[in-house]
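Report on one structure; see the data block that follows.
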Amino acid sequence: MQDLPIATPHPQTAALQGRLVAGENVVATLEVDLDTQGRFGQGLVALTNSRLLAFDPAAGNWAEHPLAPGQSLKLSDHGGLAFMELFDAGGRLARWRFTLACNPAAVRLVDAFEREVQRLAGHAVPVDDAEGEDSSFDFGEASKPSSTWVLLRLWRFARPYQGQLLLGFALMLGATGATLVSPYLTMPLMDRVLIPFQNGQQIDPGLVGLLLSGLFGAALLSWGLGWAKTYLLSLVSERIAADLRTATFEHLLGLSLEYFGNKRTGDLMARIGSETDRISVFLSLHALDFITDVLMLAMTSIILFSIHPGLALATLVPLPFIAWLIHLVRDRLRTGFEKIDRVWGEVTNILADTIPGIRVVKAFAQERREAARFRDANQKNLQVNDRLNKTWSLFTPSVALLTEMGLLVVWGVGIWLISHQSITVGTLTAFLAYIGRFYGRLDSMSRIVSVTQKAAAGAKRIFDILDHVSNVPDPVNPQRFENVTGAISLQGVNFRYGSRSVIRSLNLDIRPGEMVGLVGHSGSGKSTLVNLICRFYDVTEGSIKVDGVDLRRIKVTDYRRHIGLVLQEPFLFFGSIAENIAYGKPEATREEIVAAARAAHAHEFILRLPHGYDSLVGERGQGLSGGERQRISIARALLINPAVLILDEATSAVDTETEKEIQKALDNLVKGRTTIAIAHRLSTLRKADRLVVMDRGEIVELGPHDELIAMQGHYWRLWEAQARRVDQEDLEEHELAPNPSAHTENA
């Protein structure tokens, strides 16, 4: 079965497939959106295990570059455009250009290229299991399926419950044994009661009562033991699934922002939600049934061979064929379920994107477009399921046919043995009763293949999260971090997103209690620098020290307790106003919450709400205005009393009057703290002690506002450009405003 991507296929997919030679596989692809002349067009760069293939939409032809040791593929960007260049020892071989929207795929292709070149050079190449980096082109090569053995890794979550599991296994053994009593008692019922009665003998009531009592007792015992083991193991499986869900979520919270940048919210929700539910169902029902089936088959086989070895061998005739069928469809089922998970993740992603953004959807009247996206994703999901069901629908009846054939063999051999006086009718009757259970359990085991592969696919997706190591790890022996003054030192800091350099050789010392403003064009590296100081990412080179201690030697949670962050788009959780203000300090008293709200100039509007501090704000704070949400976020930062304060465009998304209220709150917030502020309006940074002017990841100017204006450099040009824009906006507002005197004259 092939993967069915949600995205629209590239127009050159068929042409690319036709250019592949035997044994050549596509490793990575890049859809470029510019041609060699810089005009928009649908180009394609494909990396295979032997060459680079490229389609130029301007020329309308393909070019190829065989891979060889010593080649390099480099990425760069300038002015919103990205460039990818292929070099060898003689110089540049090829160049492609595209917008930055294609850059993530380009980074993946460059990484894959480096691995292929290392492989050609005979070097060891690490296996890359990164989720979501598969090529979007499908040429019939099935991705490597996860092994069913991944389910054994769940034992680490089952170990705390091994006592209950052992008891459950004992109950299961007893219940299975009790179910095998009744067929055995049919032999004396047939041979000592019914057949003699047909031959004219009287029925012995005592013997009949004894045998029927045995049947009733076995049924009652089987029911009691079955209920106990099902209830006990269901409780254990639910707890294992709950522990798995909790461990996955806790591990997810510990991963760096870089991990979340490559993942979709809907996909992660599906993994933690539906995948763990699937594993829970497998553990509580299907795994239990599988173990019961194995025990039943083993016990039944022993009984059958003890009754008549020859007839028992006839019973086993279908087993090799059923085993061959299971082996044949197992990998197909597992691969199919993995593809279903990926496609279903796309369906969930559309829901996770559309529902929170429903206002934007409605504002731009894009309901039909979003419905079409969902319909397309849902159709892809249907197609993948149909292809899997095609395999499964053939497998199940085939197993049933083989078991029926086996039953016919037993009937034929049994009749022949009776005709030769080798067995009695009662023996054959008991044998057929056991065979019915034997084949029934065999059919059940074959059906479990499906749910087992489904659970294995789900377990793989969960362990993909659990196996991921954070790019911002805690130190083995963390250094204590107390009594923070807020002195920050950046020494030779470099940072790259993939192969794209964002911060270059940056040096900066910030004094305790100093307010520093970060200014520069969009994309100059301001937000990245703030993310590095917050240690959302680790520097590629150099170091960042706070109070003389390298951030990488401090436990992440210990460090961030001293960081207050106010974002451009404040995020509020569903809950009350008080809960949102106390988010960083849940143990805060109501008095502390009110004091923080007063300092943030939020107390007055909170009291006007229907339930004051207990008013619910709605999901993401949609029940409040932008300025109100921002003041609550400022109160949230005030409450934890941070030593270092980060303001990331805190007033850029509000009107002038609201900005004044927020600025008053910020004035209270920055007192006595080391403050790093990014502001869209340069006028809001005039109170800063120093301004750091950045361009292309470097500091180009540093100093107070007046000194930088006098230098007439980068900052002066930014200031003048913004001043001219503000003056133009004021002029336009004045021209559009009604003229009172003219109105009077006309009157």
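The values are calculated or read from the model by the stated rules, or taken from the named source; none is laboratory data. Treat the numbers as computed from the prediction; the structure is a model and nothing was measured. No Cβ is skipped: glycine too gets one built from the backbone with ideal geometry, and neighbour counts run over all protein chains shown. Quick note on the areas: whole protein, heavy atoms, side chains included, nothing else; ligands and nucleic acids left out. Shrake-Rupley method; radii C 1.70, N 1.55, O 1.52, S 1.80 Å.
Here are the numbers for the structure shown:
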| read-out | value |
| --- | --- |
| Failed item, numbered, when residue 29 is tested on (1) buried (at least 20 other Cβ atoms within 10 Å of the Cβ); (2) touching a helix residue (DSSP H, G or I) at 6+ places or on another chain (Cβ under 6 Å) | (2) |
| Among the residues listed as 353, 331, the single one being modelled with pLDDT under 70 and assigned to a helix (DSSP H, G or I) | 331 |
| Test set (1) within 21 Å of residue 675 (Cα to Cα); (2) open to solvent by less than 40 Å² (accessible area, probe 1.4 Å); (3) out of contact with any Gly (no Cβ under 9 Å at 6 or more places or on another chain); (4) not aromatic (Phe, Trp, Tyr) - residue 546 fails condition number | (3) |
| Residue check for residue 484: out of contact with any strand residue (DSSP E or B) (no Cβ under 8 Å at 6 or more places or on another chain), of a type in the set (A, V, I, L, M, F, W, C) and in a loop (DSSP other than H, G, I, E, B) | no |
| Exclusive hit being within 26 Å of residue 525 (Cα to Cα), assigned to a strand (DSSP E or B) and either open to solvent by 30 Å² or more (accessible area, probe 1.4 Å) or not aliphatic (A, V, I, L, M) (or both), set 87, 83, 55 | 83 |
| Residues (over 11 Å from residue 543 (Cα atoms) and either of a type outside the set (Ser, Thr, Tyr) or without any contact (Cβ under 8 Å) to a residue 24 or more places away in the chain (or both)) located in region 488-507 | 496, 498, 500, 502, 503, 504 |
| Number of the exception - residue 607 against (1) closer than 25 Å to residue 559 by Cα; (2) open to solvent by 50 Å² or more (accessible area, probe 1.4 Å); (3) of a type in the set (A, V, I, L, M, F, W, C) | (1) |
| Selected residue (only one of 543, 524 is among the hydroxyl-bearing types (Ser, Thr, Tyr) and in a loop (DSSP other than H, G, I, E, B)) | 524 |
| Failed condition for residue 180, given (1) open to solvent by 40 Å² or more (accessible area, probe 1.4 Å); (2) modelled with pLDDT under 80 | (1) |
| Which numbered condition residue 551 misses (of (1) within 24 Å of residue 255 (Cβ to Cβ); (2) touching a residue at least 24 places away in the same chain (Cβ under 8 Å); (3) crowded, with 21+ Cβ neighbours inside 10 Å; (4) of a type outside the set (D, E, K, R)) | (2) |
| Test result for residue 649, without any contact (Cβ under 8 Å) to a residue 40 or more places away in the chain and farther than 16 Å from residue 668 by Cα | no |
| Matching residues, region 259-295, being in contact with a Lys or Arg (Cβ under 7 Å, 6 or more places away or on another chain) and either under 20 Å from residue 467 (Cβ atoms) or at pLDDT 75 or above (or both) | 271, 272, 275, 276, 278 |
| Unique match (being in a helix (DSSP H, G or I), at pLDDT 70 or above and in contact with a helix residue (DSSP H, G or I) (Cβ under 9 Å, 6 or more places away or on another chain)) among 302, 340 | 340 |
| Qualifying residue in region 219-236 (condition: open to solvent by 50 Å² or more (accessible area, probe 1.4 Å), in contact (Cβ under 8 Å) with a residue 40 or more places away in the chain and under 30 Å from residue 464 (Cβ atoms)) | yes |
| Residue list for region 662-710, filter: within 37 Å of the chain's Cα centre (by Cα), open to solvent by less than 20 Å² (accessible area, probe 1.4 Å) and at positive phi | 697 |
| Single match in 112, 101 (criterion: surrounded by fewer than 18 Cβ atoms within 10 Å (Cβ to Cβ), more than 30 Å from residue 451 (Cβ to Cβ), of a type in the set (A, V, I, L, M) and modelled with pLDDT of 50 or more) | 101 |
| Selection within region 175-203 - in contact with a helix residue (DSSP H, G or I) (Cβ under 7 Å, 6 or more places away or on another chain) and either part of a loop (DSSP other than H, G, I, E, B) or basic (Lys, Arg) (or both) | 180, 192, 203 |
| Residue within region 382-394 that is farther than 20 Å from residue 454 by Cα, surrounded by fewer than 16 Cβ atoms within 10 Å (Cβ to Cβ) and within 51 Å of the chain's Cα centre (by Cα) present | no |
| Count - residues of region 643-656 that are at pLDDT below 85, buried (at least 21 other Cβ atoms within 10 Å of the Cβ) and not β-branched (Val, Ile, Thr) | 2 |
| Test set (1) touching a residue at least 40 places away in the same chain (Cβ under 8 Å); (2) open to solvent by 30 Å² or more (accessible area, probe 1.4 Å); (3) within 30 Å of residue 479 (Cβ to Cβ) - residue 587 fails condition number | (1) |
| Single unsatisfied condition, residue 498 versus (1) out of contact with any Asp or Glu (no Cβ under 7 Å at 6 or more places or on another chain); (2) surrounded by fewer than 17 Cβ atoms within 10 Å (Cβ to Cβ); (3) modelled with pLDDT of 80 or more | (3) |
| Test for residue 17: is it assigned to a loop (DSSP other than H, G, I, E, B), of a type outside the set (D, E, K, R) and farther than 26 Å from residue 122 by Cβ | no |
| Any hit, region 203-218, residues being polar (S, T, N, Q), surrounded by fewer than 16 Cβ atoms within 10 Å (Cβ to Cβ) and within 60 Å of the chain's Cα centre (by Cα) | yes |
